[in-house]
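Q: Here you go, one structure.
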Amino acid sequence: MVIAEHYDLIVVGGGVNGTGIAADAASRGLKVLLCEQNDLGSATSSRSSKLIHGGLRYLEHHEFSLVRKALAEREVLLKNAPHIMHPLRFVLPHQSHLRPAWLIRLGLFLYDNLASRATLPGSRSVRFDANSPLKATISKGFTYSDVWVDDARLVILNAKAAEQHGATIINYCRCTHIDQHDNQWRVSLQPQHGQSFQVTSDALVNAVSPWVSSLFGDIDNYQAPQQIRLVKGSHIIVPKIHDGDEAYILQNPDGRIIFVSPFEQAYSLVGTTDVEYAGPPNDAAISQQEIDYLINSANHYFKHQITANDIVSTYSGVRPLMNDESVEAQKVTRDYTVVQNWQNSQLPLISAFGGKITTYRKLAEAVVDTLKPKFPAMTACRTQSMPLPGGDFTDRDTLLAALCQDYGFVPKPTLARYVRQFGTDTRQLLLNCMQLIDLGQDFGCGLYQKEVDYLVQQEWASCAEDILWRRTKLGLQLSEEQQQSLSNYLAMFELPITTAKSVVNL
């Protein structure tokens, strides 16, 4: 990878907000560099509940503007990324002692009508029979629609979109210091492997998610303009609790809700917990109390009972939310704030605080819009109608059928996974493949060498974890021996980072 010495914009942080900002800015004609200290999307952005949703529960906290904005974004994102997103029907079992039916009906009416719906059906009441996976004591409830998303791939596809418009994307490269020099931002970067170097820019965006306030400690003579509140959300993955494609939203006596969603065909994803967190974001992990909470909540509703022994995997993410002085973590606003801090200079420093994955594109648009005074030739936002890479199709089944016809030698389950991950870019992945042997070594579960090479060369993967838990979810299925084989293969890759002229030692 070759790095230039100067950019219009440097974005620090490679989560969904950072990559979304990079994609928006690059598509408007700015020369962009994005750096991420770990892997793209390796923190909060790959540890969500995997939902593009308006936030039904936010209505109780009177966040009508946020819900309206998020509901409108559902349609935009679903249209632009049909490979990594799909409509998901939710079942809400009614518990009259928690919320009265009239209140739920009112909330669902607002949910259906706060923003226009082009593809998603509205809500309705339902009654459960003996075939329901819910306990017999639960006889009625409601259904409504939201959208499932592969959150980690959403990050990767935004990074690819940015790169396709000329942006430079670097992961595993830490920002160590920022200062002003010759009326430019000067950013010192330290790759995981290789020598440190410096780049300059005319504008800087702070999008480091849970670290958004602490990054100001690396900037000379700046103090964080806002403080954030860290809220940890934990999830467990277990063998399927119920058959069917619908998800469940479960109310709890403490006012919190959890989702039970179908996950990777054979599993259920159960979460989230919403608890205060005060430690380093990288150290966030599920607690025994959270495990008990999620298991007890699921067992309260479902006939199929689960135990801690059923847990296949867990993950925890730390949300950087605005410190609005709410007493309870689940009541802290999920909306975002964009803060400009130019310090009486001509060098923009823009910070993105808070937000949720559903509104990342709107946050990115708002951030880049603030740069118009600095870059008057910049074009208008294009991302509302810009499909993400591989998303230029309308129907998964039709695309899969076409791929099966053209690449019949590839096992259909593998092609189906390719559709869910790469969409129409599957053809780029399989370029020059005429028979199964052309895909190279099978590391297990249909993870072929051809795909591994593609993920390294086209999607910034550098280790087994990047591939098994973010680019794919095959870490749930591969044995330790298979994972080690993949790690051994990846150790052969070496992708040095150099500047356009020479590496600058610090």
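Q: Over all directions, what mean area does the Cα convex hull of segment 164-316 project, stated in square nanometres?
A: Projected area, direction-averaged: 13.5 nm².
Q: Put a dot 7 Å past each Cα toward the Cβ at Gln164 and Thr394; how far apart are the dots in nm?
A: Here the answer is 1.9 nm between the modelled labels.
Q: Explain nothing, just the number: dipole magnitude of the chain about its Cα centre with +1 on each Lys and Arg Cβ and -1 on each Asp and Glu Cβ, in debye rounded to the nearest 20.
A: 1380
Q: To the nearest 10 Å², what's Glu246's accessible area with a 1.4 Å probe?
A: Per-residue accessible area (Glu246): approximately 50 Å².
Q: Rounded to whole Å, give me the distance from the Cα center of segment 444-472 to that of segment 354-426.
A: 19
Q: Now for a different question. Would you calculate the separation in nanometres between label points at Asp292 and Asp310, each defined as 7 Å from the Cα along the Cα-to-beta-carbon direction?
A: Spacing of the two 7 Å Cα→Cβ label points: 1.9 nm.
Q: Taking a cut-off of 16 Å between Cα atoms, list the lysines near Lys140, but don't count ones fewer than 8 places away on the same chain.
A: Lys303
Q: Classify the chain as rounded, prolate or oblate from the Cα gyration tensor: take a ≥ b ≥ c as the square roots of its eigenvalues, call it rounded if a/c is under 1.5, otherwise prolate when a/b beats b/c and oblate if not. Intermediate results must be reported in sequence, preceding the final value.
A: Working: a/c = 1.69, a/b = 1.25, b/c = 1.36.
Taking the square roots of the gyration eigenvalues as a ≥ b ≥ c, the chain is oblate.
Q: I've got another one for you. Assuming R0 = 56 Å, can you tell me the calculated FRET efficiency for the pair Glu465 and Leu106, based on Cβ-Cβ distance, to the nearest 0.05?
A: For Glu465 and Leu106, the calculated efficiency is 0.80.
Q: How charged is the neighbourhood of Ala416? Take every other residue with its Cβ under 10 Å from the Cβ of Ala416, and add Lys/Arg as +1 and Asp/Glu as -1.
A: Every neighbour counted, the sum reads +3.
Q: Further question on the same structure: Using alpha carbon centroids, what distance separates segment 1-59 and segment 128-192, in Å?
A: Here the answer is 7 Å between Cα centres.
Q: Also, I was wondering about something else. Averaged per residue, what accessible area in Å² does the chain show with a 1.4 Å probe, protein chains only? Please report the intermediate quantities before stating the final value.
A: Values: 20830 Å² over 506 residues.
That works out to 41 Å² for each residue.
Q: Counting DSSP beta bridges with both partners in the chain, what percentage is antiparallel, nearest 5? Walk me through the intermediate numbers first.
A: On the way: 61 of 82 bridges.
The antiparallel fraction comes to roughly 75 percent.
Q: Next question. Cβ under 14 Å from Ser287's Cβ, Ser287 left aside: what net charge do those residues give with Lys, Arg +1 and Asp, Glu -1?
A: -4
Q: What accessible surface, in Å², does a 1.4 Å probe find on Lys240, ignoring ligands, DNA and RNA and rounding to the nearest 10?
A: For Lys240, the solvent-accessible surface is approximately 80 Å².
Q: For the chain, what relative contact order do you get, as a whole percent, if you take Cα pairs closer than 8 Å and at least 6 residues apart?
A: 21
Q: Here's a follow-up. Work through the residues other than Ser268 whose Cβ is under 13 Å from its Cβ and net out their charges, Lys, Arg +1 and Asp, Glu -1.
A: Numbers: positive: Lys50, Lys240; negative: Asp243, Asp245, Glu246, Glu264, Asp310.
Result for the local shell: -3.
Q: To continue, here is another question. With the cut-off at 1.5 for a/c, could you classify segment 91-130 from its C-alpha gyration tensor as rounded, prolate or oblate?
A: On the way: a/c = 3.66, a/b = 1.50, b/c = 2.45.
Note, shape of segment 91-130 comes out oblate.
Q: Hey, another quick one. If you count, for each residue, the other Cβ atoms within 10 Å and average over each peptide, how do 417-426, 431-440, 452-461 line up from highest to lowest? Numbers along the way, then the final one.
A: On the way: 417-426: 22.7, 431-440: 12.6, 452-461: 19.9.
Per-residue mean Cβ counts within 10 Å order the peptides as 417-426, 452-461, 431-440.
Q: Under 1.5 on a/c is rounded, so check that first for segment 347-442, then, if it is not, pick prolate when a/b is larger than b/c and oblate when it is not; a ≥ b ≥ c are the square roots of the alpha carbon gyration tensor eigenvalues. Numbers along the way, then the final one.
A: Values: a/c = 2.97, a/b = 2.84, b/c = 1.04.
Prolate.
The values are calculated or read from the model by the stated rules, or taken from the named source; none is laboratory data. Here the structure is a predicted model, which is why all the values come from computation and not from measurement. We place every Cβ from the backbone using ideal geometry, glycine too, and count neighbours over all the protein chains shown. Surface areas here come from the heavy atoms of the whole protein model, side chains and all, with no ligands, DNA or RNA. Shrake-Rupley method; radii C 1.70, N 1.55, O 1.52, S 1.80 Å.
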